[in-house]
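First comes the structure, then the notes that go with it.
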Amino acid sequence: MDTQQNISPFTGQPPFGSQPPPTIDISTTQVVLAPPQFTPVQTASEPPFSFGSQPTSASTSQATPQSVQSQPESTQQTASVLPPSNSQQPTSLDIDRSFPPLPFFGSQPPPVQPPPLKTQPLPAPGEINADVNDTKPEWIKHSTFDLDSRAVIIQVENTLYKQLTGILRQHSQVLNDIFALPQSFANEGTESNPIFLPGLTSAEFEDYIGWQQNLKRPSPIGTERELYLCNVLKVCHLWNVEHGQEYAISELNMMRLPAPRMLQLGGRFSVRQWIVGAMETLLTTPFLILTDVNFEEIGLKVLSILAKSREAMEKERRIIALTPPHSSDMPAGYGCYNHSSCKKIWVDIWFKRISMDILHPHTPLPFAQVLQRATTLVGDSHIHQCCQDQLLTQLATGYTADQLRIEESVKASAIGAVCEFYGLGRD
């Protein structure tokens with residue numbers, strides 16, 4: 001009786017678990033996998049099934065376990081590889097679901113060899129740039145960074161410094177003209193014959209070089225920073241380094257130094273804005289609060305200009321305070337029927353309010369604010385409205401307006417004299 005093998009319709013292999021375990025050959029100490037032995041397992045209720053086969057009767061398809069076991073081993077192996085006798089050819093519904101064999105655990109895939117590199121022989125020295133018609137590019141020299149630099153030895157006081165002439169010439173037109181001159185001696189700029197820079201100290205030159213070359217150094221604060229900026233400003237002023245002067249002036253402005261110190265620095269380094277600001281402050285500052293150091297910073301010549309200017313302003317202040325304008329010739333307004341009363345009110349306002357403000361010992365009223373003060377007080381008084389308009393118009397446009405501008409003219413004259421003393425001119 002022919003037996004039928006229980007083969008999976010999807011993989012074409014016996015079901016998992018029907019294979020006997022592999023045998024081990026102890027004599028060679030190698031694991032040998034024996035060929036699989038397929039033992040079909042069939043039951044009476046579930047006959048083998050394959051796609052495209054017709055169901056069979058129980059009498060022809062059933063096989064008892066005893067009959068299967070009684071068959072010889074050769075017959076069982078033959079039956080395990082042959083399809084059922086009553087099966088038909090596979091139809092179009094049969095699908096090939098076979099999978100490639102899986103590698104053993106621990107095995108590694110074969111290494112992938114990279115493709116060979118394509119190498120080309122190096123061109124000969126004469127063949128380089130042969131494809132550009134053997135023409136050399138036209139080089140353009142940069143106007144700023146084309147530095148003709150050489151190392152020279154510079155002497156400041158008793159200290160030698162080794163510097164590059166290109167860096168020094170780049171920032172200063174004065175040094176550019178000096179280093180452009182032909183050398184007088186063959187060994188000029190060496191340790192045996194260094195280039196001497198007069199008018200500078202070693203500290204001033206070192207601060208300038210540190211700022212110019214942006215050397216990493218701790219930023220000074222307080223008095224040290226003021227000295228550092230003054231050293232940079234001095235060298236830049238001496239060698240006409242404009243951007244260095246702008247940097248030092250801007251930094252010193254943020255420090256808000258006292259007016260006498262700013263006046264001294266402005267005269268030393270020819271900074272006109274410092275002179276103007278300091279003089280405007282000193283012309284209204286009492287001398288009692290100034291120290292001896294402040295007077296030394298101001299200097300004797302400038303101090304005399306300040307004293308004379310302040311005396312002239314005080315004289316004009318007393319004259320204006322004790323002489324009420326238009327007290328006798330105050331014009332009468334249209335519709336004013338008691339003009340004498342308007343005059344008396346105006347004289348009282350001037351002596352009792354405006355004059356006292358002008359002569360105040362601590363906070364005197366500036367001349368430029370007298371007209372505004374008078375407008376406020378007259379508007380709140382009982383002077384007739386038409387008389388108020390006539391009076392305020394004459395105060396703004398008449399002789400009194402010129403008298404009130406005396407303070408500004410005295411200040412301008414004093415500032416011009418100080419600027420002329422420092423060689424900057426009056427304008």
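The values are calculated or read from the model by the stated rules, or taken from the named source; none is laboratory data. All of these numbers come straight from a predicted model, not from anything done at the bench. Cβ: placed from backbone, ideal geometry, glycine included. Neighbour counts: every protein chain shown. Ligands, DNA and RNA are stripped out before the accessible areas are found, and what is left, the full protein with its side chains, is counted by its heavy atoms. Shrake-Rupley method; radii C 1.70, N 1.55, O 1.52, S 1.80 Å.
Being β-branched (Val, Ile, Thr) and in contact (Cβ under 8 Å) with a residue 24 or more places away in the chain is the filter here, so list the residues in region 355-396 that pass it.
Listed by number, the residues that qualify are ILE358, VAL370, VAL378, ILE383.
Take region 378-427 and flag every residue that is part of a loop (DSSP other than H, G, I, E, B), modelled with pLDDT under 80 and either of a type in the set (D, E, K, R) or open to solvent by less than 20 Å² (accessible area, probe 1.4 Å) (or both).
ARG405, ARG426, ASP427 - these are the residues of region 378-427 that are part of a loop (DSSP other than H, G, I, E, B), modelled with pLDDT under 80 and either of a type in the set (D, E, K, R) or open to solvent by less than 20 Å² (accessible area, probe 1.4 Å) (or both).
Against the condition over 24 Å from PRO361 (Cα atoms), touching a Leu at 6+ places or on another chain (Cβ under 6 Å), assigned to a helix (DSSP H, G or I) and open to solvent by less than 20 Å² (accessible area, probe 1.4 Å), how does LEU263 come out, does it pass?
When the stated conditions are applied, LEU263 does not pass them.
Can you pull out the residues in region 235-246 that are surrounded by 22 or more Cβ atoms within 10 Å (Cβ to Cβ), assigned to a helix (DSSP H, G or I) and out of contact with any Gly (no Cβ under 7 Å at 6 or more places or on another chain)?
Residue satisfying the conditions is VAL235 alone.
For HIS362, which of the numbered conditions (1) open to solvent by 90 Å² or more (accessible area, probe 1.4 Å); (2) in contact with a Cys (Cβ under 8 Å, 6 or more places away or on another chain) fails to hold?
It fails just one condition, (2).
So which of SER340, SER328 ends up being open to solvent by 60 Å² or more (accessible area, probe 1.4 Å) and assigned to a loop (DSSP other than H, G, I, E, B)?
From the options SER340, SER328, the qualifying one is SER328.
Return yes or no: is ASN240 in contact (Cβ under 8 Å) with a residue 40 or more places away in the chain and over 22 Å from LEU160 (Cβ atoms)?
Against the criterion (in contact (Cβ under 8 Å) with a residue 40 or more places away in the chain and over 22 Å from LEU160 (Cβ atoms)), ASN240 qualifies.
Taking the residues in region 266-290 that are β-branched (Val, Ile, Thr) and not in a helix (DSSP H, G or I) as candidates, determine which candidate is surrounded by the most Cβ atoms within 10 Å (Cβ to Cβ).
VAL271
Of these, ILE345, ILE249, which one is in a helix (DSSP H, G or I), in contact with a His (Cβ under 7 Å, 6 or more places away or on another chain), without any contact (Cβ under 8 Å) to a residue 60 or more places away in the chain and open to solvent by 20 Å² or more (accessible area, probe 1.4 Å)?
Only one candidate qualifies: ILE345.
Need pairs with beta-carbon distance below 9 Å; first residue open to solvent by less than 20 Å² (accessible area, probe 1.4 Å) and of a type in the set (S, T, N, Q) and within region 202-218, second modelled with pLDDT under 85 and assigned to a loop (DSSP other than H, G, I, E, B); sequence gap 6+ or separate chains.
Once the first residue is open to solvent by less than 20 Å² (accessible area, probe 1.4 Å) and of a type in the set (S, T, N, Q) and sits in region 202-218, no partner that is modelled with pLDDT under 85 and assigned to a loop (DSSP other than H, G, I, E, B) comes close enough.
Among the residues of region 152-207, count how many are part of a strand (DSSP E or B) and among the basic types (Lys, Arg).
Number of matching residues: 1.
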